[in-house]
Amino acid sequence: MHRDSERHKLFSRRALMLGGGQAALLSVLAGRMYYLQVVESERYVTLADENRINFRLLPPPRGRIVDRHGKPMADNQQNYRVVIIPEQAGDVERTLDLLSLIVPLSGGERRRIAREVKRKRAFVPITVRENLDWSEVARIEVNTPDLPGVLIDVGQSRNYAMGAETAHVLGYVAAVSEKDLTGDPLLELPGFRIGKAGVEKIYDLSLRGSGGSSQVEVNALGRVIRELNRQEGQPGNEVRLTIDAELQHFITERLGNESATVVVVDVHTGEILSLVSSPSFDPNSFNTGLSQAEWESLISNPKAPLTNKAIVGQYAPGSTFKPVVALAGLEKGVITADTKINCAGSTKLGNAEFHCWKKGGHGVLDLQGAIEHSCDVYFYDVARRTGIERIAAMARRFGLGDRLGLDLPGEKPGLVPSNKWKLGAIGSPWQLGETLIAGIGQGYILTTPLQLAVMTARLANGGRAVTPRLTMDKVTETGLEPYPDEEAVSLGVTPEHLSVVLKGMDDVVNSPTGTARRSRITEPQWRMAGKTGTVQVRRISKAERETGVLKNEDLPWKERDHALFVGYAPVDSPRFAVSVVVEHGGGGSSTAAPIARDVLHETQRLAALRPTPGRQEARKSNTSDKGGKV
Amino acid sequence: MLYHDGLLSQPKVSIGQKLLHLHWLFVILLTLTASIGFAMLYSAAGGDFDPWASRQMVRFGVGMLGMVVIAVTDIRFWLRYAYAFYVLVLVLLLGVELAGFVGMGAQRWISLGFFNIQPSELMKIAMVLALARYFHGGSIEDVGRPMFLLPPAIMVAVPAVLIIRQPDLGTTLMLLLASVAIFFAAGVRMWKFILAGVLGLISAPVAWFTILRDYQKQRILTFLNPESDTLGSGYHIIQSKIALGSGGMFGKGFMQGTQSHLNFLPEKQTDFIFTMLAEEFGLVGGLTLIALYVLLLAYGFVIAMSSRNHFGRLVGIGVTVTFFLYIFINIAMVMGLIPVVGVPLPLVSYGGTAMLTILFGFGLLLCVHIHQDLTIGRRDSGDEF
């Protein structure tokens, strides 16, 4: 008994020590709990939310692009694709075999799908085929009971209703590349497209809209359990262009396969009604990616279908520049409307001889006649008297030599030469002979077809500095706002001077002896005025001139002259100006003028049929229209 | 055989009288604890009694009946058959070992008809009984003799080796620690534990470089550093800490635990059920459960210390320590304090075996309580009653 009580005492002591030890260890657990759940709680709450909540971006629908009458030119199309969810399909191979009966799958496609099935988690849909047509969609839907795990998924893809006809204006959208990344998370969405050229590019931010977001709860496998919160995005703005889709279509058809540009501009507002660069390309095919062969054929084509020549092409203006030279001479006072000059076919400057396009000469002409007949000798003389600096200054007032700020990417400035420019760029002083050459729009001077159209508009609207634009409303970062409703500022050209020049341009088309007589518009209220131009692409040697200049038809295409025409209509109350440049087209009067006539005719016909609703129209009919509208 | 005053001073005591003396407060506390488990299993199933909560309740009910039967059985029965029971379980363990060796890979289970059981779990109780009987039969002087300690050391070592080969590190650990506690409570000198500890520390590196093969070393390294296995056990611990920590002071609410319900938490109904509790009921909920455990443990100690026979004391302390080890290892594991070992949370985790072991142990503990006034001589180890 005594022995046992001793044993009991020892036991109790030891038991208490064990109990104490356990109490201490349990206190450690309690302390640890306090640390994790109270001290560190916030951190773990964050971690827990990161664990379970995924943000999904909802891409906004891209804004449509419509023409001046609201006709859609770029919109979004449902893109049906068929996807397979391996987890639901069970036997993926067998399901694909069945699916192949509806959508034939190549061996390569099967291998790609098999690869993705292996790589991705079983509940992630795998794209089997994109851009299904409606009958395929319908047949898959009907057969869904036999196609476990096969789903039709709808995405959006950009669709250009007019295809190649508007490609150079609208541009296209394509996948985001590394250098496009700006931090906008939308750009990192797989399959997201951004504007890569044209209006799509320059107004990309406005068209893009802003993404919405969806907070979804996911489980440990990443599978979506439910949506917690959804914030709708802002769809992209609809951009209404000044382009008349029907006119654009007409011009494209009219140009056929010519390497040519046509720019139609409203002389009062600067609205571009049409901007065509031919040939073109199909922007829809850029959406899904071009094949190597398609790409090769596009970039190797000598007619440069990928280049928007209307704003990028820089051509010597040739005789279309003569009205500007005339105005410079009149302004300086070295000539008047009545100044007469005798053209004997050529003129001499030192040892050099400068030829008129008409070998036998025009005889004695006044200014109006010189414009009508496009006499080179007359303008050599005007240029010599006026000097390059005055000519250059007048050219700049009419929008040449610098970018006009059209809302398209990639506009080129052209070139208006001067003494200072030549010293800087070439390193030698200006020669008087170069002034003479400039007087007929050749030599260093370069213009874009857009500049030519704007120059013509500024002549036709009475010398006001309209600037070209492509949108009916100003597109800003926040949305759209109307353009200020005011007349373009005056260029300060004396009206009498201008009227002589315009009369000359009227004669070019409408006088019985005008260079573009054959291209006149016969409806009196739609009559057009204009100026032809033919620009040498090659240097004509003295030997050739003596043996007889080769005719264009006898030359290889690349060496033929460029054919130009600028014009406006109606003569009595100008509303529309046009520039036509046909690369290697031959003569301005034979090739470019008929196109300009057809274009201005159609422009006026369409405008008469469907006046554009809106305030610009209202303003014009209140102020300057003197019955020109039919 | 010496009888003292009190209930069991009489040769025969009715079952009814024994039932009256059952520690009913203890039974209520453990029912409360198990009920927390039912609630968590209900939540783990997304608000359904199926598949876990209902089956757990049935098991608990059956287990409680068994517990009461064990409690009212004469404590001398357990003393008498302690070794026999130990040998039986050892044979089962060996059988599993052989079957596992012959069959494919590790096998821990044997079927008891309606119930599958792991012999390694039964060994936890068998070991307590066997060691208690052994030390009951030794005097204070005996316990001081090193040779006296050799047989119980072998009794511990043999099953420990068998179990670690399964491999089941958690159970081995618990078996060893519980045995050490019984050695300690039996009065083995403190310096011997220190010496054993030092020897263990010395032999560990020797064993590392001489005995262990590379794959064994690798297994131990992964065990010691789960973070190196981020997609395996390390991932589990990280997720467990996130779930637990995000519970905060008051938790996310019953059935509102996002991490556990979205399957970020592995094994939420078994080993990681405490994490789920702490996520849904916060610090307050976690501490409440721990407080219930502390009360049960405290009663365990009181029962052990109140026994007038050494066998009862040692059984009581053995059961209590085993119970504690379950609790501590599980909770410390889900909090990332110790490496992941598969030890369930007693009374709460889903699973029959641990429940059975615990209720078997508690049956013995209650048996000790009922028979606390009974003195049993050292020599008469049950051979003659």
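The values are calculated or read from the model by the stated rules, or taken from the named source; none is laboratory data. These figures come from a predicted structure and were not determined experimentally. Glycine also receives a Cβ, built like all others from the backbone with ideal geometry; neighbour counts cover every protein chain displayed.
Here residue B:250 meets each of (1) within 26 Å of the chain's Cα centre (by Cα); (2) at pLDDT 90 or above; (3) more than 9 Å from chain A (Cβ to nearest Cβ); (4) closer than 30 Å to residue A:228 by Cβ with one exception, condition (1). Of all residues in region A:60-84, those being buried (at least 18 other Cβ atoms within 10 Å of the Cβ) and either of a type in the set (Gly, Ala, Ser) or part of a loop (DSSP other than H, G, I, E, B) (or both) number 7. Within the bounds of region A:13-27, is there any residue that is facing another protein chain (nearest Cβ under 8 Å), buried (at least 20 other Cβ atoms within 10 Å of the Cβ) and either assigned to a loop (DSSP other than H, G, I, E, B) or at pLDDT below 90 (or both)? No: zero hits. Residues in region A:48-72 that are acidic (Asp, Glu) and either in contact (Cβ under 8 Å) with a residue 60 or more places away in the chain or closer than 30 Å to residue A:471 by Cα (or both): A:67 alone. Just one of the listed residues (B:320, B:258) is among the hydroxyl-bearing types (Ser, Thr, Tyr), within 11 Å of another protein chain (Cβ to nearest Cβ) and more than 27 Å from residue A:18 (Cβ to Cβ), and it is B:258. Residue-level analysis places residue A:85 among those that are away from chain B (no Cβ under 14 Å) and either of a type in the set (S, T, N, Q) or touching a Gly at 6+ places or on another chain (Cβ under 9 Å) (or both).
The combined condition, being polar (S, T, N, Q) and closer than 18 Å to residue A:493 by Cβ, is not fulfilled by residue A:347.
To keep it simple, each residue is scored yes or no on (1) at pLDDT 95 or above; (2) more than 22 Å from the chain's Cα centre (by Cα).
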| site | (1), (2) |
| --- | --- |
| B:34 | yes, no |
| B:38 | yes, no |
| B:46 | no, yes |
| B:52 | no, no |
| B:56 | no, no |
| B:63 | no, no |
| B:73 | no, no |
| B:76 | no, yes |
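For region B:299-317, the count of residues that are away from every other protein chain (no Cβ under 14 Å) and either at pLDDT below 95 or surrounded by fewer than 19 Cβ atoms within 10 Å (Cβ to Cβ) (or both) is zero. Condition first: touching a helix residue (DSSP H, G or I) at 6+ places or on another chain (Cβ under 7 Å), over 23 Å from residue A:467 (Cβ atoms) and part of a loop (DSSP other than H, G, I, E, B). Now tell me which residues in region A:418-437 satisfy that. Across region A:418-437, the qualifying residues are A:428, A:429, A:430.
If the condition is being under 18 Å from residue B:321 (Cβ atoms) and hydroxyl-bearing (Ser, Thr, Tyr), then region B:275-304 contributes B:293, B:299.
Among the conditions (1) under 30 Å from residue B:279 (Cα atoms); (2) basic (Lys, Arg); (3) touching a Pro at 6+ places or on another chain (Cβ under 8 Å), the only one that residue A:64 does not satisfy is (1). All told, residue B:339 meets the bar of being touching a Pro at 6+ places or on another chain (Cβ under 6 Å) and over 24 Å from residue B:75 (Cβ atoms).
Every condition in (1) surrounded by fewer than 23 Cβ atoms within 10 Å (Cβ to Cβ); (2) touching a residue at least 12 places away in the same chain (Cβ under 8 Å) holds for residue A:253 except the one numbered (2). Of the strands (runs of 3 or more DSSP E) lying entirely inside region A:269-387, those containing at least 2 residues that are small (Gly, Ala, Ser) and closer than 30 Å to residue A:484 by Cβ are A:272-278. For region A:558-598, the set of residues classified as part of a helix (DSSP H, G or I) and surrounded by 23 or more Cβ atoms within 10 Å (Cβ to Cβ) consists of A:588, A:589, A:591, A:592, A:593, A:595, A:596, A:597, listed by residue number.
Under the condition of being under 16 Å from the mean Cα position of the chain (by Cα) and assigned to a loop (DSSP other than H, G, I, E, B), which residue from region A:239-268 is nearest to residue A:309 (Cα to Cα)? Looking at the filtered set, the residue picked out is A:243. For residue B:263, the conditions (1) surrounded by fewer than 20 Cβ atoms within 10 Å (Cβ to Cβ); (2) over 18 Å from residue B:47 (Cα atoms); (3) facing chain A (nearest Cβ under 7 Å); (4) not β-branched (Val, Ile, Thr) all hold with the exception of (2).
Looking across region B:323-339 at every residue that is facing another protein chain (nearest Cβ under 8 Å) and in a loop (DSSP other than H, G, I, E, B), the one that is farthest from residue B:237 (Cα to Cα) is identified as B:337.
Taking region A:217-273 as the search range and keeping residues that are of a type in the set (Gly, Ala, Ser) and within 14 Å of another protein chain (Cβ to nearest Cβ), which one is nearest to residue A:167 (Cα to Cα)? Within region A:217-273, the match that is nearest to residue A:167 (Cα to Cα) is A:222. Could you tell me whether residue B:284 is at the interface with chain A (Cβ under 7 Å from one of its Cβ atoms), among the aliphatic types (A, V, I, L, M) and surrounded by fewer than 23 Cβ atoms within 10 Å (Cβ to Cβ)? For residue B:284, the condition - at the interface with chain A (Cβ under 7 Å from one of its Cβ atoms), among the aliphatic types (A, V, I, L, M) and surrounded by fewer than 23 Cβ atoms within 10 Å (Cβ to Cβ) - is not met. Answer yes if at least one residue in region A:106-117 is at negative phi and part of a strand (DSSP E or B), and no otherwise. No, the conditions are met nowhere in region A:106-117.
For residues in region B:155-175 being surrounded by fewer than 18 Cβ atoms within 10 Å (Cβ to Cβ) and modelled with pLDDT of 90 or more, which is farthest from the other protein chains (Cβ to nearest Cβ)? Here the residue is B:158.
Residue under question is residue A:121, and the condition is that it be part of a loop (DSSP other than H, G, I, E, B), modelled with pLDDT under 85 and of a type in the set (Lys, Arg); does it hold? Answer is yes for this residue. For region A:437-457, which positions are under 11 Å from residue A:391 (Cβ atoms) and touching a strand residue (DSSP E or B) at 6+ places or on another chain (Cβ under 7 Å)? Matches in region A:437-457: A:441, A:445. Taking region A:28-59 as the range and being in contact with a strand residue (DSSP E or B) (Cβ under 7 Å, 6 or more places away or on another chain) and either in a helix (DSSP H, G or I) or within 7 Å of another protein chain (Cβ to nearest Cβ) (or both) as the test, only A:52 passes. Of the residues in region B:265-277, at least one is touching a Gly at 6+ places or on another chain (Cβ under 6 Å), modelled with pLDDT of 85 or more, under 18 Å from residue B:289 (Cβ atoms) and not in a loop (DSSP other than H, G, I, E, B).
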